[in-house]
Amino acid sequence: MPDNDANEDVVSRMRRLQSERRAGNGSIMAGVLSAYITTPRDKILEAELDGLIDSFLLAQEATDASLSRQVGRLREGRALSVTGQSGAGKTRTLERHFLKREEFTGYGDQNANCILVSVSTPSPCTLRLLGQEVLAALGYETTRKLEENVVWDMVQHQLALRQVRFLHIDELQHVLQTRNPIEIGKVQDTLKRLMQNKLWPVWLILSGLPEIGRFFADDEQVWRRSRHVVFEDLTLEKDATLIRRLITSYGQEKAKLAITDVVGDPVIARLLHAALGRFGIVIEFIQDAIREALMGGADSLQVEHFAAVYSARTGCLPEGNVFTAVGDWDLIKPREGLVRDELNNGEDCAQPSKHRGDKPGRSSHPRDRRNP
Ligand SMILES: Nc1ncnc2c1ncn2[C@@H]1O[C@H](COP(=O)(O)OP(=O)(O)OP(=O)(O)O)[C@@H](O)[C@H]1O
Ligand SMILES: [Mg+2]
């Protein structure tokens, strides 16, 4: 048999097996993965977005009434920062609110004339690359390598042309990670100029890791016009009820699994530790544990399902699994699962750790990453 045919056979067999697997659990998992859980911080964010929009409308009234002299800075844009650790849920939450709000109708559709546009900061980031990202998001693609001042002149022009008033920049920490004070200063000045532009001021929504909360801290003019929403890490003391609600909502309501064995404080404490206290990572653990349970044909969610997810995400040794370890499980460092594994194997210490940043294997399916 020619090689090609053999390959096709293998792939089609994989497809058949995949669809057989998915036929049963696929629709349940689709429901589990797509469900959005509302928490008190949605209310806080909503109120801050209300405030940002109010300040824009106030500026519009000032402009319409030609009161620019009297109102001075009222016409300048404002900034809202949304910060939290990786996996806290910033991107998903903001996207949810942008899609839901009527003011931002058409969000995400380049042809819909939405007044809000989102970009993700490139990494590594320079002022020029960030500008090109904004241009692309505005639907202006160019293959030419433009000078940074030209790029940003074009950004200003395109924002006005496309009637965009709100600019959301995600992952802004990539600017700070350049550790180049000149480049950082240039981005700060440029964003400030966007907000202060006389003809077409822009309102900014900046999201990223906690350090970007200080992005404009040294600039009093902008700092005074900024507001902040912080997505705090979860703790057992204040958030056990919320986590129980997450397990109930995903496990019991969406996946129809019994959850009695995993809603007690001892399991929730381990789940919080395994997920580094990050709201979004807790959710991903629950979703992945549900997938484990469904794949194994279980009718209840068990600690062993969470343990399997943890093992796949961290590559830990069995005795280092936060969910099953006896003794000081709270001293285990979830982010060091793979590193410890490599150290224990002796010679392999020089190999880079496979885990990304500070996310314990976020967003990859546990089965894809399981050690043999
Ligand atoms: N309210 C929510 N309901 C359901 N799932 C959520 C919710 N908030 C976050 N998630 C999920 O949690 C995970 C992490 O969220 P997200 O990617 O938004 O985090 P982040 O704070 O932007 O992280 P990073 O800084 O790494 O970009 C995602 O899988 C996301 O779908
Ligand atoms: Mg994000």
Subject >> Residues of region 248-274 satisfying the condition of being buried (at least 17 other Cβ atoms within 10 Å of the Cβ) and of a type in the set (D, E, K, R) >> reply: Lys254, Arg270
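Looking only at region 180-236, which residues are β-branched (Val, Ile, Thr) and more than 30 Å from Ala269 (Cα to Cα)? Show your work before the answer.
Of all residues in region 180-236, those β-branched (Val, Ile, Thr) come to 182, 184, 187, 190, 202, 205, 212, 222, 229-230, 235.
Within region 180-236, Ile182, Ile184, Val187, Thr190, Val202, Ile205, Val222 meet the criteria.
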Original post:
Are any residues in region 211-231 among the aliphatic types (A, V, I, L, M) and either in contact with a strand residue (DSSP E or B) (Cβ under 6 Å, 6 or more places away or on another chain) or assigned to a helix (DSSP H, G or I) (or both), and if so, which ones?
Top reply: Ile212, Val222, Val229, Val230
**OP:** Kindly provide the set of residues from region 158-176 that are under 21 Å from Glu103 (Cα atoms), in contact with a Phe, Trp or Tyr (Cβ under 8 Å, 6 or more places away or on another chain) and away from ligand 2 (no atom under 12 Å from the Cβ), ordered by number.
**Re:** Gln158, Leu159, Ala160, Arg165, Phe166, Leu167
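What do you reckon, is Val155 touching a residue at least 24 places away in the same chain (Cβ under 8 Å), under 14 Å from Leu191 (Cα atoms), crowded, with 22+ Cβ neighbours inside 10 Å and away from ligand 2 (no atom under 16 Å from the Cβ)?
Yes; evaluated as a whole, the condition is true for this residue.
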Original post:
Any idea which residue in region 72-94 is farthest from Trp203 (Cα to Cα), counting only those that are polar (S, T, N, Q) and more than 8 Å from ligand 1 (Cβ to nearest atom)?
Top reply: Thr83
Original post:
Hey, Pro201 hits all of (1) buried (at least 16 other Cβ atoms within 10 Å of the Cβ); (2) assigned to a helix (DSSP H, G or I) but one; which does it fall short on?
Top reply: (2)
Subject >> Residues that are within 16 Å of ligand 1 (Cβ to nearest atom) and touching a helix residue (DSSP H, G or I) at 6+ places or on another chain (Cβ under 7 Å), drawn from region 169-204 >> reply: Asp170, Leu172, Gln173, Val175, Leu176
Original post:
Is there any pair with a first residue in region 284-301 that is of a type in the set (A, V, I, L, M, F, W, C) and a second that is outside any helix (DSSP H, G or I) and within 16 Å of ligand 1 (Cβ to nearest atom) whose Cβ atoms are under 8 Å apart and which are 6 or more apart or on different chains, and what are they?
Top reply: Phe285/Ala275; Ile290/Ala255; Ala293/Ala255; Leu294/Ala255; Leu301/Ala255
**OP:** Using the structure shown, decide if Asp233 is acidic (Asp, Glu) and within 16 Å of ligand 1 (Cβ to nearest atom).
**Re:** yes
Original post:
Mind checking which residues of region 225-244 are of a type in the set (D, E, K, R), over 20 Å from Glu211 (Cβ atoms) and out of contact with any helix residue (DSSP H, G or I) (no Cβ under 8 Å at 6 or more places or on another chain)?
Top reply: Glu237, Lys238
Subject >> region 177-192, residues that are in contact (Cβ under 8 Å) with a residue 12 or more places away in the chain and either part of a helix (DSSP H, G or I) or charged (D, E, K, R) (or both) >> reply: Glu183, Lys186, Val187, Gln188, Thr190, Leu191, Lys192
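Since every read-out is calculated from the coordinates, none of them should be taken as a lab result. Please read these numbers as outputs of a predicted model, since none were measured by experiment. Positions of Cβ are backbone-derived with ideal geometry, glycine not excepted, and every protein chain shown enters the neighbour counts.
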